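Engineer: Supplied in structure tokens, the structure appears directly below.
The values are calculated or read from the model by the stated rules, or taken from the named source; none is laboratory data. Since the structure is predicted, the reported quantities are computational estimates derived from the model, not experimental observations. Note that we place each Cβ from the backbone using ideal geometry, even for glycine, and neighbour counts take in every protein chain shown.
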Amino acid sequence: MREINDLEVSIESVKGVGAKRGAVLREVGIHTLADLLLYLPRRYLDRRQVLPIARAPSGQELTLVGQVRQMRFVPGARPRFTMVVEDESDDISCVWFRGGNYLQRNFKEGDVLALSGKVEIFQGRHQMVHPEYEFIEASGAPDLLHTGGIIPLYTSSADMKERGLRSRGFRRIMRRALDEFKDKIPDEMPGEMMQRLVLPGLRESFERVHFPRTMEEVQAARRRLAFDELFDLQLRLVRLRRQRLREGDGIAFSRPEKLVQRVLAKLPFELTRAQERAIGEIEADMEHPFPMARLLQGDVGSGKTLVALCALLVAVENQYQSVLMAPTEILAEQHYLNIKSMVEPLGVAVVLLAGRKKAAARKEVLQALESGAGQIIVGTHALFQDEVNYFRLGLAVVDEQHRFGVVQRSELYRKGNKIDVLMMTATPIPRTLTLTIYGDQEVSLIDELPAGRKSVRTVLRPADRRELIFKFAADQVRQGRQVYVVYPLIDESEKVDLKSAIEGYDELRQGVLAEFNTALLHGRMATEEKAEVMDAFKKGEIQVLCSTTVIEVGVDVPNATLMIIEHAERFGLAQLHQLRGRVGRGPEQSYCILVNYAKSVDADANQRLKILCASQNGFEIAEKDLEIRGPGEVLGTRQAGMPEFVVADLIRDADLLEVAREEAERVVRQHDGETPEGE
């Protein structure tokens, strides 16, 4: 027996693979034995429950198994390939109107196939048009591997098929791999954990996920493999967090005695309990000598910025500089103006560092940063450019942090020495994503809105009601209010039939809203031009703003009371909720109208949009969005640092993720001697 880490053996070492098959397997990501064993079946065919052809009901999607009896290619104006497949009870005709030349070379009489599709009755006999098919058994080569009770069916690329690696060929490779290597696969899970969690062994799991006797075995095996992925991730995150908490050479800030209290005393409202709790958690972290790494998340309008300001002032009171980084210049300038108005009367110097400053003004700001004259610095990605040096940086607050890449954030952190970091997001993050992406950090949650804030009335309307919708918009403007109209595109596109911001802007300013001052805002405009438009809208000089999602985050115009979202069916729920959050910031009743262009038969689009109409709770909406679109789409996989799982699914395995976290913490505690074995 070879002394190797058998899971890491190259794929070419598996019997029946070789160099040519190895090359095509590597193209689909199968480089090692581990990759092969984790290439799970896309579905299973349970031959114990397959109906005889004679009993196949018409009009239903189902799977039938039979043997190819005859084939024929019919040329002509509408060429087609037909094939008759039979079982012991009857036969069925299969028809393909495309790919006939390939198909007639693909099958042989005597092949045993699994056919999936809708059965119809045509001229008195069963028929399937364009069925999906899987080779179960080749002509003249019966093999129990392919004719047992439950048969795994694998995804195969065109190159894999060329090399004989359809599902049938793949099953052979998998069987050989398991026969040769299964007993040499190490299982690192302690027996005590396996027993406590009622999970099968790793070897048994690989065997049963590929060659199950029952579907219950499939579920148990898949659960074990998913747990391993989630546990490995959580173990890394728990260890990272422990390591950070042990570091004693960070900044131990003193608890604030003046600035925070003076700012809060001037507020015309009381903090919510959730805000008070978050401020307490952040201040407690900042008092410790380990570097703070905390995520502050809250719904739209929950008052995160005020909580962050308290943290900024703790650093200032301890003679350190603090920075607030925002993803857009519009948002950075808004933060700057708000913070400046609150703390400059207290003698705190606030400066803005953004890309559009003129050379002389920029030089002055850079000098203020380097000398320490600038105490709170607000800006965009300009904050971590090479020419930027800080006198004594102690805290970085990153707003809408998932919009910055990992590299961008780390460049900012390097501007100081083990500084405290507070990350904020107004995009409510489902718990499973929080555990997955931010599992090495602490989390503060602002889960209540300020008292008296009115909910935004949200309605779903079909596109044929647009005339009435914009008449309502005109009424709102005549009452002195302002209106957003959001579009999914900047320009018209040949590829998709969607209204664009430019097209909509031209339509509205020449049509029903012609009497009002209407402006256009989108991401391709120059930074200064965008700022000018946004400033004019804030001042009320612009009454209707036609925009793309550039206004999604943080823009605060209390007089805006109507949000119209064109092609709402094209947006994710979380993004729609963010857009809705741009209104409802003043005392007047606000409205959000979702204009749906999807056909009335598109039940999924309607159902999804109705979720937004029924709920104002961003966390509830985020959970639904995760279920519908998956984790990669909710936050943007690459930008958010979302790990890629092979087996685990954050929606289906949400409960397993919680268990994996608990087990990871248990293992680390035991390793550190904090609890007895088997606690």
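Engineer: Only one residue in Ala332, Ala284, Ala311 is surrounded by fewer than 21 Cβ atoms within 10 Å (Cβ to Cβ) and not assigned by TED's automatic domain parsing to the domain that holds Gln578, so which one is that?
Structural biologist: On the way: Ala332 fails: surrounded by fewer than 21 Cβ atoms within 10 Å (Cβ to Cβ); Ala311 fails: surrounded by fewer than 21 Cβ atoms within 10 Å (Cβ to Cβ).
Matching residue, one of Ala332, Ala284, Ala311: Ala284.
Engineer: Does Met325 count as crowded, with 24+ Cβ neighbours inside 10 Å, on the phi < 0 side of the Ramachandran plot and of a type outside the set (Val, Ile, Thr)? Show your work before the answer.
Structural biologist: On the way: crowded, with 24+ Cβ neighbours inside 10 Å: yes; on the phi < 0 side of the Ramachandran plot: yes; of a type outside the set (Val, Ile, Thr): yes.
When the stated conditions are applied, Met325 passes them.
Engineer: Which of (1) more than 30 Å from Arg171 (Cα to Cα); (2) buried (at least 19 other Cβ atoms within 10 Å of the Cβ) is the odd one out, the single condition Phe231 does not satisfy?
Structural biologist: (1)
Engineer: I need the full set of residues from the stretch 426-441 which are buried (at least 22 other Cβ atoms within 10 Å of the Cβ) and among the β-branched types (Val, Ile, Thr), in order please.
Structural biologist: Thr427, Ile429, Thr436
Engineer: Inside the stretch 202-223, can you point out the residues that are in a loop (DSSP other than H, G, I, E, B) and surrounded by fewer than 15 Cβ atoms within 10 Å (Cβ to Cβ)?
Structural biologist: Filtering the stretch 202-223 for residues in a loop (DSSP other than H, G, I, E, B) gives 211-214.
Across the stretch 202-223, the qualifying residues are Arg213, Thr214.
Engineer: OK, next. Could you please find all residues in the stretch 520-547 being hydroxyl-bearing (Ser, Thr, Tyr) and over 19 Å from Arg509 (Cα atoms)?
Structural biologist: Kept after step one, since they are hydroxyl-bearing (Ser, Thr, Tyr), are these residues of the stretch 520-547: 527, 547.
Of everything in the stretch 520-547, just one residue is hydroxyl-bearing (Ser, Thr, Tyr) and over 19 Å from Arg509 (Cα atoms), namely Thr527.
Engineer: If you don't mind, there's one more thing I want to ask. Can you find, within the stretch 463-492, the residue that is nearest to Glu541 (Cα to Cα) among those that are part of a strand (DSSP E or B) and modelled with pLDDT of 90 or more?
Structural biologist: Just the residues of the stretch 463-492 that are part of a strand (DSSP E or B), to begin with: 482-486, 489.
Restricting the remaining residues to those that are modelled with pLDDT of 90 or more gives 482-486.
Numbers: Gln482: 10, Val483: 12, Tyr484: 14, Val485: 16, Val486: 19 Å.
Ranking the candidates gives Gln482 first.
Engineer: Pairs needed: first member in the stretch 654-679, assigned to a loop (DSSP other than H, G, I, E, B); second member anywhere, at pLDDT below 80 and not small (Gly, Ala, Ser); C-beta distance under 6 Å; at least 6 residues apart or different chains.
Structural biologist: Correct list of pairs: empty, since none qualify.
Engineer: Can you tell me which residue within the stretch 442-462, out of those that are outside any strand (DSSP E or B) and of a type in the set (Asp, Glu), is surrounded by the fewest Cβ atoms within 10 Å (Cβ to Cβ)? Before the answer, list the steps.
Structural biologist: Keep residues of the stretch 442-462 that are outside any strand (DSSP E or B), which gives 447-456.
If we keep only those that are of a type in the set (Asp, Glu) as well, we get 447-448.
Values: Asp447: 17, Glu448: 15.
In this case the residue turns out to be Glu448.
Engineer: Got at least one residue in the stretch 23-37 being among the acidic types (Asp, Glu) and assigned to a strand (DSSP E or B)?
Structural biologist: No: zero hits.
Engineer: Among the residues of the stretch 254-274, are any within 30 Å of the chain's Cα centre (by Cα) and surrounded by fewer than 16 Cβ atoms within 10 Å (Cβ to Cβ)? Steps first, please.
Structural biologist: Looking only at the stretch 254-274, we keep the residues that are within 30 Å of the chain's Cα centre (by Cα), and these are 272-274.
Those still in the list that are surrounded by fewer than 16 Cβ atoms within 10 Å (Cβ to Cβ) too: 273.
Looking through the stretch 254-274, at least one residue is within 30 Å of the chain's Cα centre (by Cα) and surrounded by fewer than 16 Cβ atoms within 10 Å (Cβ to Cβ).
Engineer: Check whether at least one residue in the stretch 232-248 is under 28 Å from Gln319 (Cα atoms), acidic (Asp, Glu) and within 35 Å of the chain's Cα centre (by Cα), and report yes or no.
Structural biologist: Yes: one or more hits.
Engineer: Then there's this: Return yes when Leu626 is part of a helix (DSSP H, G or I) and modelled with pLDDT of 80 or more and no when it is not.
Structural biologist: On the way: part of a helix (DSSP H, G or I): yes; modelled with pLDDT of 80 or more: no.
It is false that Leu626 is part of a helix (DSSP H, G or I) and modelled with pLDDT of 80 or more.
Engineer: Residue under question is Gln243, and the condition is that it be assigned to a helix (DSSP H, G or I), polar (S, T, N, Q) and surrounded by fewer than 20 Cβ atoms within 10 Å (Cβ to Cβ); does it hold? First the steps, then the outcome.
Structural biologist: Values: assigned to a helix (DSSP H, G or I): yes; polar (S, T, N, Q): yes; surrounded by fewer than 20 Cβ atoms within 10 Å (Cβ to Cβ): yes.
The answer is yes for Gln243.
Engineer: Identify, please: which residue in the stretch 66-81 is outside any strand (DSSP E or B) and of a type in the set (Gly, Ala, Ser) and is, among those, surrounded by the most Cβ atoms within 10 Å (Cβ to Cβ)? Let's see the steps before the verdict.
Structural biologist: Filtering the stretch 66-81 for residues outside any strand (DSSP E or B) gives 75-79.
Next, from what is left, pick out any that are of a type in the set (Gly, Ala, Ser): 76-77.
Details: Gly76: 6, Ala77: 4.
Among those residues, the one meeting the criterion is Gly76.
Engineer: Could I ask something else about it? What are the residues in the stretch 527-557 that are closer than 22 Å to Gln297 by Cα, part of a loop (DSSP other than H, G, I, E, B) and out of contact with any Asp or Glu (no Cβ under 6 Å at 6 or more places or on another chain), if any?
Structural biologist: If we filter the stretch 527-557 for residues that are closer than 22 Å to Gln297 by Cα, which is where we start, we get 549-557.
The next check asks that each one be part of a loop (DSSP other than H, G, I, E, B); those that pass are 552-557.
If the condition is that a residue be closer than 22 Å to Gln297 by Cα, part of a loop (DSSP other than H, G, I, E, B) and out of contact with any Asp or Glu (no Cβ under 6 Å at 6 or more places or on another chain), then Glu552, Gly554, Val555, Asp556, Val557 are the ones that fit.
Engineer: What is the one condition in (1) out of contact with any strand residue (DSSP E or B) (no Cβ under 7 Å at 6 or more places or on another chain); (2) more than 30 Å from Glu623 (Cα to Cα); (3) in a helix (DSSP H, G or I) that Gln319 does not satisfy?
Structural biologist: Result: Gln319 fails condition (3) only.
Engineer: Right, something else. Can you name the residue in the stretch 82-96 that is surrounded by 12 or more Cβ atoms within 10 Å (Cβ to Cβ) and of a type in the set (D, E, K, R) and is also nearest to Val50 (Cα to Cα) among such residues?
Structural biologist: Pass one, the stretch 82-96, residues surrounded by 12 or more Cβ atoms within 10 Å (Cβ to Cβ): 82-87, 89-96.
Pick out the ones that are also of a type in the set (D, E, K, R) and you get 86-87, 90-91.
Details: Glu86: 13, Asp87: 11, Asp90: 14, Asp91: 14 Å.
The selected residue is Asp87.
Engineer: Out of curiosity, is Leu353 more than 19 Å from Val443 (Cβ to Cβ) and buried (at least 23 other Cβ atoms within 10 Å of the Cβ)? Spell out the reasoning first.
Structural biologist: Numbers: more than 19 Å from Val443 (Cβ to Cβ): yes; buried (at least 23 other Cβ atoms within 10 Å of the Cβ): yes.
The answer is yes for Leu353.
Engineer: When you check Gly124 against the structure, is it small (Gly, Ala, Ser), on the phi > 0 side of the Ramachandran plot and either at pLDDT 85 or above or in the same structural domain as Arg69 (by TED's automatic domain parsing) (or both), yes or no?
Structural biologist: yes
Engineer: Scan the stretch 564-604 residue by residue and report those that are modelled with pLDDT under 90, over 18 Å from the mean Cα position of the chain (by Cα) and in a helix (DSSP H, G or I).
Structural biologist: Result: Ala603, Asp604.
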